[in-house]
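The values are calculated or read from the model by the stated rules, or taken from the named source; none is laboratory data. Quick caveat: nothing in here was measured; it's all calculated off a predicted structure. Note that each Cβ is placed from the backbone with ideal geometry, even for glycine, and that neighbours are counted across all protein chains shown. In case anyone asks, the SASA skips ligands and DNA or RNA and just uses the protein heavy atoms, side chains included. Shrake-Rupley method; radii C 1.70, N 1.55, O 1.52, S 1.80 Å.
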Amino acid sequence: MEIHKVLLVEDEADIRKVAQISLQFRGGWEVTLAADGEECLRMATTDRPDLILLDCMMPKMDGYETCRRLKGDSSLREIPVIFLTAKSQESEVRKGLALGAIGYLIKPFNPMSLAAEIREILESDLAASSQGNNPEE
Amino acid sequence: MIDSLTTSMTSLPIDAGDILDQLSQGVMVTDTNWRIQYVNRAVLRNVGLPPEKILGVHLLVLVANYCREDSYGELLRLAVRLTQRPPQENVSERVPFHTAERRRFIRIRVQPYRQEPSASGYLLLFQDATPEGEIDEMKNEFVSVASHEMRTPMTSIKGSLELLLGGYAGELPAEATELLGISLTAVDRLVRLINDLLDISKIESGKMELHFDRLDVTECIAKSMRSLRALAEAHKVSIRADEGGHLPPVLADRDRLEQVITNLLSNALKYSPPDSEVRILIRNLDNGVRVSVCDQGPGIASENLEKIFDRFFQLAGSKKGSGLGLTICRALIEQHRGRIWAESELGRGSQFHFEIPAAPPE
């Protein structure tokens with residue numbers, strides 16, 4: 001799937017800025033921003049992205065709950081979600097994948113390789129789902 | 001001389017057992033095989049068993065058969081762990097011991113005792129350490145909050161430096177690149193220090209949560225080796241891993257096991273002379289797996305082989321670090337019910353070994 005627009009959901013303004021630059025500079029993508037889960041749901045509806053990068057730890061509604069709601073909405077369900085999480089939360093985020101996210105990225109991320117890692121996740125997800133469409137006997 | 005001492009001891013007007021029974025500390029004596037020879041009343045009260053169910057019983061059997069998770073069993077389990085460290089004069093550790101009624105801390109001290117000519121064994125003391133435990137809890141809380149708060153700005157500093165060095169602002173003068181490079185190295189070091197501080201505060205406050213899965217140790221080793229490839233190249237050291245045949249799966253926390261291996265491996269790399277080799281040996285024990293990381297570095301003097309696992313201990317001339325890496329490794333491995341130790345001779349390299357039990361059959 002071709003990515004044009006990424007919705008970045010992160011509550012820390014500085015990290016949001018660095019990630020935004022990184023996605024524009026290295027990914028060549030258009031980036032829209034949300035500072036929390038509620039804003040994410042709103043943005044996803046009004047300005048539909050091709051991919052959502054979702055921080056796990058946020059005040060009000062955390063990333064997991066946000067993901068649950070995205071996947072529970074038939075009009076938003078198809079948008080791929082990738083979690084952003086701290087290294088210490090890695091075990092937790094693996095469980096969060098059951099909510100329907102296609103992968104996760106570890107913070108602190110390297111902004112020079114973030115876009116490449118996202119492409120890798122998208123590709124392996126594509127490979128996995130095309131395998132799923134051709135069930136082997 | 002000895003005779004007269006013995007005489008004066010036995011001529012105490014009261015029974016030594018009575019004195020021990022009046023202590024609030026728990027006192028336990030075992031033989032060298034960890035069979036319990038004596039317990040005072042404080043231990044009996046806490047374990048809640050009559051003496052005949054304790055005396056002559058192996059410490060591990062007592063824990064396995066009689067001690068519930070929430071009782072004295074946790075303490076005795078720790079005592080057993082302490083005894084699995086290389087023999088020393090005196091080992092002690094403090095643990096939280098919270099019951100429904102009270103939050104307490106207990107310090108367990110294990111020391112060998114000798115009674116010539118033949119009998120010998122271990123003396124275990126269980127002492128109340130609540131005041132120091134509470135102060136440490138406050139310290140851990142502070143360290144944990146402070147480190148969390150420091151991590152976020154650190155992430156944006158690091159990211160910004162990487163973007164600048166990566167050409168986001170166009171080509172930079174060589175001087176700027178050099179200074180930014182220095183800053184990035186320093187930030188990376190700070191991030192590692194903060195992570196170590198967070199880990200140690202979690203470990204000490206008993207908040208380190210492990211997520212156990214059945215896994216193959218070699219996968220963790222392969223991942224650690226990949227993550228250290230650049231460091232190995234920078235030090236001109238090669239890493240070779242030798243698997244000792246078929247290995248049983250282990251029950252472990254993947255991230256934490258990787259962290260231990262990465263820590264041992266990066267230490268080995270940092271202390272290795274250029275053009276040498278670091279070897280990783282993986283051995284199948286009957287009931288577990290042993291991993292050994294062997295380097296050809298300067299080695300460690302025998303009197304420091306245990307001290308290097310202490311908090312903040314740093315060898316003279318050691319590479320800069322938090323002084324917490326091995327302390328964290330030991331705590332993590334012990335939480336896997338395993339053990340970790342070092343062997344070395346000055347001038348002949350060092351070997352760090354750890355063993356963790358195999359996963360039970362599915």
Legend entry - Hey, B:Leu76 of a type outside the set (D, E, K, R) and either buried (at least 19 other Cβ atoms within 10 Å of the Cβ) or at pLDDT below 80 (or both) or not: yes
Inset, instruction - Tell me which of these A:Gln24 doesn't satisfy, since it passes every other one: (1) open to solvent by less than 50 Å² (accessible area, probe 1.4 Å); (2) within 14 Å of chain B (Cβ to nearest Cβ). - result: (1)
Legend entry - Residue, nearest to B:Ile203 (Cα to Cα), within region B:150-186, restricted to residues that are outside any helix (DSSP H, G or I) and more than 7 Å from every other protein chain (Cβ to nearest Cβ): B:Gly167
Inset, instruction - Restrict the check to region B:227-248 and report whether at least one residue is touching an Asp or Glu at 6+ places or on another chain (Cβ under 9 Å), open to solvent by 60 Å² or more (accessible area, probe 1.4 Å) and within 30 Å of B:Asn287 (Cβ to Cβ). - result: yes
Legend entry - Sole exception among (1) within 14 Å of chain B (Cβ to nearest Cβ); (2) outside any helix (DSSP H, G or I) for A:Thr32, by number: (1)
Inset, instruction - Show the residue pairs that are 6+ apart or on different chains and have beta-carbon atoms under 7 Å apart, the first residue being within region B:181-205 and among the acidic types (Asp, Glu), the second being surrounded by fewer than 18 Cβ atoms within 10 Å (Cβ to Cβ). - result: B:Glu204/B:Asp136
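Name the residue that is nearest to the other protein chains (Cβ to nearest Cβ), counting only residues in region A:36-47 that are touching a strand residue (DSSP E or B) at 6+ places or on another chain (Cβ under 9 Å) and open to solvent by 30 Å² or more (accessible area, probe 1.4 Å). Quick ask: steps written out before the conclusion?
Kept after step one, since they are touching a strand residue (DSSP E or B) at 6+ places or on another chain (Cβ under 9 Å), are these residues of region A:36-47: A:36-37, A:39-44, A:47.
Remaining after also requiring open to solvent by 30 Å² or more (accessible area, probe 1.4 Å): A:39, A:41-43, A:47.
Details: A:Glu39: 19, A:Leu41: 24, A:Arg42: 25, A:Met43: 22, A:Asp47: 25 Å.
In this case the residue turns out to be A:Glu39.
Can you tell which of B:Ile300, B:Ile280, B:Ile261 is open to solvent by less than 10 Å² (accessible area, probe 1.4 Å) and either of a type in the set (Ser, Thr, Tyr) or not in a strand (DSSP E or B) (or both)? Lay out the reasoning, then the answer.
Values: B:Ile300 fails: open to solvent by less than 10 Å² (accessible area, probe 1.4 Å); B:Ile280 fails: either of a type in the set (Ser, Thr, Tyr) or not in a strand (DSSP E or B) (or both).
After applying the criteria, what remains is B:Ile261.
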Legend entry - Number of the condition not met by B:Leu346 [criteria: (1) in contact (Cβ under 8 Å) with a residue 40 or more places away in the chain; (2) surrounded by 16 or more Cβ atoms within 10 Å (Cβ to Cβ); (3) farther than 22 Å from B:Leu82 by Cβ]: (2)
Inset, instruction - Just give me the residues in region B:264-273 being open to solvent by less than 20 Å² (accessible area, probe 1.4 Å) and not polar (S, T, N, Q), in sequence order. - result: B:Leu264, B:Leu265, B:Ala268, B:Leu269
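For every residue, the table says whether it meets (1) assigned by TED's automatic domain parsing to the domain that holds B:Leu59; (2) open to solvent by less than 80 Å² (accessible area, probe 1.4 Å); (3) polar (S, T, N, Q); (4) assigned to a helix (DSSP H, G or I).
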{"position": "B:Glu93", "(1), (2), (3), (4)": "yes, yes, no, no"}
{"position": "B:Pro96", "(1), (2), (3), (4)": "yes, yes, no, no"}
{"position": "B:Arg104", "(1), (2), (3), (4)": "yes, yes, no, no"}
{"position": "B:Leu124", "(1), (2), (3), (4)": "yes, yes, no, no"}
{"position": "B:Asn140", "(1), (2), (3), (4)": "no, yes, yes, yes"}
{"position": "B:Val145", "(1), (2), (3), (4)": "no, yes, no, yes"}
{"position": "B:His148", "(1), (2), (3), (4)": "no, yes, no, yes"}
Legend entry - Members of region B:114-163 that are within 29 Å of A:Pro108 (Cβ to Cβ) and of a type in the set (Ser, Thr, Tyr): B:Ser144, B:Ser147, B:Thr152, B:Thr155, B:Ser156, B:Ser160
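Pick out the one residue from A:Ile118, A:Ile52, A:Ile106 that is β-branched (Val, Ile, Thr), open to solvent by less than 60 Å² (accessible area, probe 1.4 Å), out of contact with any strand residue (DSSP E or B) (no Cβ under 6 Å at 6 or more places or on another chain) and more than 14 Å from chain B (Cβ to nearest Cβ).
That would be A:Ile118, the only listed residue that is β-branched (Val, Ile, Thr), open to solvent by less than 60 Å² (accessible area, probe 1.4 Å), out of contact with any strand residue (DSSP E or B) (no Cβ under 6 Å at 6 or more places or on another chain) and more than 14 Å from chain B (Cβ to nearest Cβ).
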